[in-house]
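Colleague: Starting off with a structure, shown below.
Coordinate-derived values only; no laboratory data. A quick note: this is a predicted structure, and the numbers were derived from the prediction, not measured. Ideal geometry is used to build each Cβ from the backbone, glycine not excepted, and the neighbour counts take in all protein chains shown.
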Amino acid sequence: MLKYSEMQLNRCSNQRKNPQWLESQRNSNSCWVLLHSDQNYFSREDNAALFVTFEAVEHLNLDNAVFLGIDENNNNRPYFVLDLTHAEQGALAVFLSQGEFIDLRKLAVVLDNQCASILALARALCFWHRMHGFCPRCGSANQLVEAGHSRVCRSPECAHQTFPRTDPAVIMIVRKTFADGVERCLLGRQAAWPDGVYSTLAGFVDPGETLETAVAREVQEESGIHVNNVQYITSQPWPFPSSIMLGFIADACSEKILVDKEELDDARWFSRDELNSFAEWGDESAGFKLSRVDSISRYLIEYWRNMRD
Ligand SMILES: [Zn+2]
């Protein structure tokens with residue numbers, strides 16, 4: 001399973017709209033995720049994810065707490081997230097004495113996937129709330145409703161309701177059998193990446209565009225390669241800050257690469273044999289490296305690599 005894709009809490013989408021039910025979930029059995037400036041809460045000693053009890057947070061302002069779901073495999077434990085970004089320093093200091101706030105991506109590789117998925121959901125919802133303090137229609141302040149899964153404009157004349165956003169992005173492995181009979185895949189690299197790392201191409205879906213069209217457009221814009229036969233493979237939530245990655249495989253119908261230097265540092269064709277000589281992401285040696293083992297890019301590369309020529 002791809003990282004962040006095993007969120008196994010029951011979201012209780014209907015029940016959570018009931019304020020009495022929601023209040024009853026804020027009990028001593030509940031488990032609280034903490035966020036600060038888009039960073040999750042971890043142990044200083046061993047980088048384990050830290051959750052806190054209701055007793056540790058009940059004295060704080062919980063108006064902006066967000067309900068995440070119920071763990072039906074563990075005593076129906078309710079999970080909430082509390083964003084401490086604007087908490088008083090005194091309240092924050094107590095938590096900082098016991099742990100620290102770290103970007104989830106730095107530790108996700110070593111985290112249990114179910115845990116990482118809860119932390120990713122918590123991060124995504126807190127980001128959305130912080131970025132949507134005001135009504136997009138009239139500019140009035142808006143308030144959290146429905147257990148944190150919606151916001152409503154405070155202006156009675158407007159009362160516009162908004163919901164958490166997920167921005168679709170396509171990511172694709174492009175393949176082509178060359179005149180020498182060898183099938184190769186198209187990978188590129190961005191200048192900001194570690195030296196030698198090559199990955200699948202990707203980009204955001206534009207308004208008014210199908211996913212298949214977005215795949216073809218992004219590949220053509222970034223590499224000059226034309227594709228057809230675009231097929232969906234899998235998806236990965238990517239709340240950094242608010243995307244879902246939609247993974248595809250496509251066939252190239254041209255070979256000559258023309259890199260858009262605004263987007264990519266380089267793009268090349270690689271055979272399976274060449275991929276076998278790639279080092280892992282994070283390897284300090286010179287030479288080519290694969291994308292991170294927990295990324296959908298890597299999943300797509302391995303998907304293609306394991307296909308028969
Ligand atoms: Zn409004």
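Colleague: Convert 4 °C to kelvin, take the viscosity as 1.567 mPa s, use the Kirkwood radius over C-alpha pairs of region 167-305 as Rh, and evaluate the Stokes-Einstein diffusion coefficient in µm²/s, rounded to a whole number.
Modeller: So the translational diffusion coefficient is about 86 µm²/s.
Colleague: In whole Å, what are the Cα extents of region 1-120 along the three principal axes, biggest one first?
Modeller: 40, 37, 22
Colleague: Still on this structure: In what sequence, highest mean first, do 282-288, 294-300 appear when ranked by Cβ atoms within 10 angstrom?
Modeller: 294-300, 282-288
Colleague: Arranged by the count of other C-beta atoms within 10 angstrom, fewest first, what order do Thr200, Thr213 take?
Modeller: Lowest to highest Cβ neighbour count: Thr213, Thr200.
Colleague: Next up: Explain nothing, just compute: Karplus ³J(HN,Hα) = 6.51 cos²θ - 1.76 cosθ + 1.60, θ = phi - 60°, for every residue of region 48-63 in order, whole Hz, x for Gly and Pro.
Modeller: In residue order, the calculated couplings are 6, 5, 10, 10, 10, 7, 4, 4, 6, 10, 5, 7, 8, 6, 9, 4 Hz.
Colleague: Output ³J(HN,Hα) for region 202-208: one whole-Hz value per residue in order, computed from phi by the Karplus curve 6.51 cos²θ - 1.76 cosθ + 1.60 with θ = phi - 60°, and x for Gly and Pro.
Modeller: My calculation for region 202-208 gives 7, x, 7, 6, 7, x, x Hz in order.
Colleague: Could the peptides 66-75, 245-254, 44-53 be put in order, highest first, of the mean number of other beta-carbon atoms found within 10 Å of their residues?
Modeller: 245-254, 66-75, 44-53
Colleague: In whole Å, how far is the Cα centre of region 163-211 from that of region 256-309?
Modeller: If we compute the Cα centre of each part, the gap is 10 Å.
Colleague: From the helices alone, meaning DSSP H stretches of at least four residues, give me the mean residue ellipticity at 222 nm for the chain, per-run term -39500 (n - 2.57), in deg cm²/dmol to the nearest 500.
Modeller: Theoretical 222 nm ellipticity from helices: -6500 deg cm²/dmol.
Colleague: Percent antiparallel among DSSP beta bridges with both residues in the chain, to the nearest 5?
Modeller: Counting DSSP beta bridges with both partners in the chain, the antiparallel share is about 75 percent.
Colleague: Return one quarter of the surface area of the convex hull spanned by the alpha-carbon atoms of the chain, equal to its mean projected area, in nm².
Modeller: Approximately 19.3 nm², given one-decimal rounding.
Colleague: Take the cross-link list Lys176/Lys289; Lys3/Lys176; Lys106/Lys176; Lys176/Lys261; Lys3/Lys261; Lys106/Lys289 and give me the ones stretching past 27 Å between alpha-carbons.
Modeller: Lys3/Lys176; Lys106/Lys176; Lys3/Lys261
Colleague: Enumerate the calculated ³J(HN,Hα) couplings along region 72-78 in order (Karplus 6.51 cos²θ - 1.76 cosθ + 1.60, θ = phi - 60°), each rounded to whole Hz, writing x wherever the residue is Gly or Pro.
Modeller: 3J(HN,Hα) across region 72-78, in whole Hz: 6, 8, 9, 6, 6, 6, x.
Colleague: Sticking with this one: Tell me, Lys261, Lys106, Lys3 in order of fewest to most beta-carbon neighbours within 10 Å?
Modeller: Neighbour counts put them in this order, fewest first: Lys261, Lys106, Lys3.
Colleague: Say R0 is 45 Å: what FRET efficiency, to the nearest 0.05, do Phe134 and Ala286 get from their beta-carbon distance?
Modeller: Taking R0 as 45 Å, the efficiency between Phe134 and Ala286 is 0.35.
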